[in-house]
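**Student:** Here it is: the structure, laid out below.
The values are calculated or read from the model by the stated rules, or taken from the named source; none is laboratory data. Everything numeric here is computed off the predicted structure, so don't read it as measured data. Every residue, glycine as well, gets a Cβ built from its backbone with ideal geometry; the counts of neighbours run over all protein chains shown.
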Amino acid sequence: MQEKLLTLKETALNDIREVSSIEEVENLRINYLGKKGEITSILKEMGKLSKEERPVIGKVANEVREALEEAISSKKDELKTIEKNKKLKEEVIDVTMPSKKIRVGKLHPISQIIDEVSEIFIGMGFSIAEGPEVETVENNFDALNAPKDHPSRDMSDTFYVNSELLLRTQTSPVQIRTMKNNELPIKIISPGRCFRFDAPDATHSPMFHQIEGLVVGKDITMAQLKGTLNTFVKKLFGENTKTKFRPHNFPFTEPSAEVDVTCFKCEGKGCSMCKGEGWIEILGAGMVHPNVLRNCGIDPNVYSGFAFGMGVDRITMLKYEIDDIRLLFENNMRFLEQF
Ligand code: PHE
């Protein structure tokens, strides 16, 4: 029996030495040391032994079991270390490898100009008003004193939703909303999107942006309009910028003017940006028409006001020397990232 145990020990130790996975070691443990294992079955025959033999064989059996347990656990440790080292090698992180670039977005050039213009007017005590892009015909035309046969009302110029609603063609309807819903005096600007039935080309887009301005109160004069716009253009285009008011016609202002600024590239000498003129047109303006005040429940004999409206896309294109308005709306990152 002792012989049997010692041979078992030898084969078992050999087996353990040769396996190469933890799973196999575990199988060997079950085979040799488990409840139905070989050592247990040998020990079951101990009953057949004499009183003298029993402790001797028992001792050998224990030694064999201990030896196997020891061999198994150190084999397990060995395999675990091998596995760990293998994993470490496979999962090694190369800290010198360049990382993926994180792309941070930035404000669209039009948003940048809207922010810049807004800052300037906020500095002069204006607040920001907002109006919807889908407007009533009433606010966009009627209350703004546009004659019933005004060409801008035409289906070929304006996107109508139905006979009463349209996509606003200008930010001027915000004037009506502000005057109807607020106490006087009023001093607001209103940036926003506008829409006109235009085929896109280098200078036209069916969707574009304006910033409206409106001041209404007692003793508001054309001189204040000029002063406000002069201050504004100096802040936006540079201290040497001058304005020129050319007579014009808008249904909602009287008198009306188109306002030019001295070209900020050549300072008025004439260059390719101003097409040799020295002047660049940037906005429409005027004194709020008495009919418009009346339409909003304001007495034109007591109150007066001025209004102006500028094309944001045009100013953006001038400031950044962009020669095609469509570039602003193609959303090509390589283009937009330049500003
Ligand atoms: N709404 C006019 C336009 O779109 C601009 C304007 C605004 C003119 C306010 C006068 C006063 O051309």
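**Student:** Inspect region 119-126 for any residue being among the small types (Gly, Ala, Ser) and closer than 30 Å to residue 20 by Cα and give the result as yes or no.
**Tutor:** No, every residue in region 119-126 fails to be among the small types (Gly, Ala, Ser) and closer than 30 Å to residue 20 by Cα.
Yes/no per residue for (1) in contact with a strand residue (DSSP E or B) (Cβ under 8 Å, 6 or more places away or on another chain); (2) within 23 Å of residue 319 (Cβ to Cβ):
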position: 211; (1), (2): yes, yes
position: 216; (1), (2): yes, no
position: 230; (1), (2): yes, yes
position: 233; (1), (2): yes, yes
position: 253; (1), (2): yes, no
position: 266; (1), (2): no, yes
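**Student:** What's the number of the only condition in (1) closer than 17 Å to residue 291 by Cβ; (2) more than 12 Å from the ligand (Cβ to nearest atom); (3) surrounded by 16 or more Cβ atoms within 10 Å (Cβ to Cβ); (4) in contact (Cβ under 8 Å) with a residue 24 or more places away in the chain that residue 153 fails to meet?
**Tutor:** That leaves (4) as the condition not met.
**Student:** Sort out which residues of region 12-61 are free of Cβ contacts under 8 Å to residues at least 24 places away in the same chain, exposed (fewer than 13 other Cβ atoms within 10 Å of the Cβ) and within 19 Å of residue 76 (Cβ to Cβ), and write them in order of number.
**Tutor:** Of everything in region 12-61, those that are free of Cβ contacts under 8 Å to residues at least 24 places away in the same chain, exposed (fewer than 13 other Cβ atoms within 10 Å of the Cβ) and within 19 Å of residue 76 (Cβ to Cβ) turn out to be 14, 18, 23, 30.
Conditions tested, residue by residue: (1) in contact with a Leu (Cβ under 6 Å, 6 or more places away or on another chain); (2) surrounded by fewer than 21 Cβ atoms within 10 Å (Cβ to Cβ).
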position: 255; (1), (2): no, yes
position: 260; (1), (2): no, yes
position: 281; (1), (2): no, yes
position: 286; (1), (2): no, no
position: 306; (1), (2): yes, no
position: 314; (1), (2): no, yes
position: 320; (1), (2): no, yes
position: 326; (1), (2): no, yes
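**Student:** If you scan region 310-333, which residues turn out to be within 16 Å of the ligand (Cβ to nearest atom) and not basic (Lys, Arg)?
**Tutor:** 310, 311, 312, 313, 315, 325
**Student:** Taking into account only those residues within region 200-232 that are closer than 16 Å to residue 167 by Cβ and loosely packed, with under 15 Cβ neighbours inside 10 Å, which is farthest from the ligand (Cβ to nearest atom)?
**Tutor:** The selected residue is 200.
**Student:** Can you tell me which residue is nearest to residue 281 (Cα to Cα) among those in region 235-244 that are away from the ligand (no atom under 16 Å from the Cβ) and free of Cβ contacts under 8 Å to residues at least 24 places away in the same chain?
**Tutor:** Checked region 235-244; the qualifying residue nearest to residue 281 (Cα to Cα) is 241.
**Student:** Within region 233-253, take every residue that is out of contact with any helix residue (DSSP H, G or I) (no Cβ under 6 Å at 6 or more places or on another chain) and charged (D, E, K, R) and give me the one that is surrounded by the most Cβ atoms within 10 Å (Cβ to Cβ).
**Tutor:** 234
**Student:** Here are the criteria: (1) modelled with pLDDT under 95; (2) of a type in the set (Gly, Ala, Ser); (3) out of contact with any helix residue (DSSP H, G or I) (no Cβ under 9 Å at 6 or more places or on another chain). Tell me which single one residue 202 does not satisfy.
**Tutor:** Single failed check for residue 202: (3).
**Student:** Could I ask something else about it? Just need a number here: residues in region 170-195 that are surrounded by fewer than 21 Cβ atoms within 10 Å (Cβ to Cβ), over 15 Å from residue 215 (Cβ atoms), out of contact with any Asp or Glu (no Cβ under 6 Å at 6 or more places or on another chain) and not small (Gly, Ala, Ser).
**Tutor:** Summing the residues that are surrounded by fewer than 21 Cβ atoms within 10 Å (Cβ to Cβ), over 15 Å from residue 215 (Cβ atoms), out of contact with any Asp or Glu (no Cβ under 6 Å at 6 or more places or on another chain) and not small (Gly, Ala, Ser) in region 170-195 gives 4.
**Student:** Considering region 245-272 alone, what residues qualify as being free of Cβ contacts under 8 Å to residues at least 40 places away in the same chain and within 16 Å of the ligand (Cβ to nearest atom)?
**Tutor:** Listed by number, the residues that qualify are 246, 247, 248, 249, 250, 254, 255, 256, 257, 258, 260, 261.
**Student:** Is one or more of the residues making up region 66-81 modelled with pLDDT under 90, surrounded by 12 or more Cβ atoms within 10 Å (Cβ to Cβ), assigned to a loop (DSSP other than H, G, I, E, B) and not assigned by TED's automatic domain parsing to the domain that holds residue 235?
**Tutor:** Checked against the condition, which is being modelled with pLDDT under 90, surrounded by 12 or more Cβ atoms within 10 Å (Cβ to Cβ), assigned to a loop (DSSP other than H, G, I, E, B) and not assigned by TED's automatic domain parsing to the domain that holds residue 235, region 66-81 yields no hits at all.
**Student:** Go through (1) buried (at least 18 other Cβ atoms within 10 Å of the Cβ); (2) in a helix (DSSP H, G or I); (3) out of contact with any Pro (no Cβ under 6 Å at 6 or more places or on another chain) and name the single condition residue 139 misses.
**Tutor:** (3)
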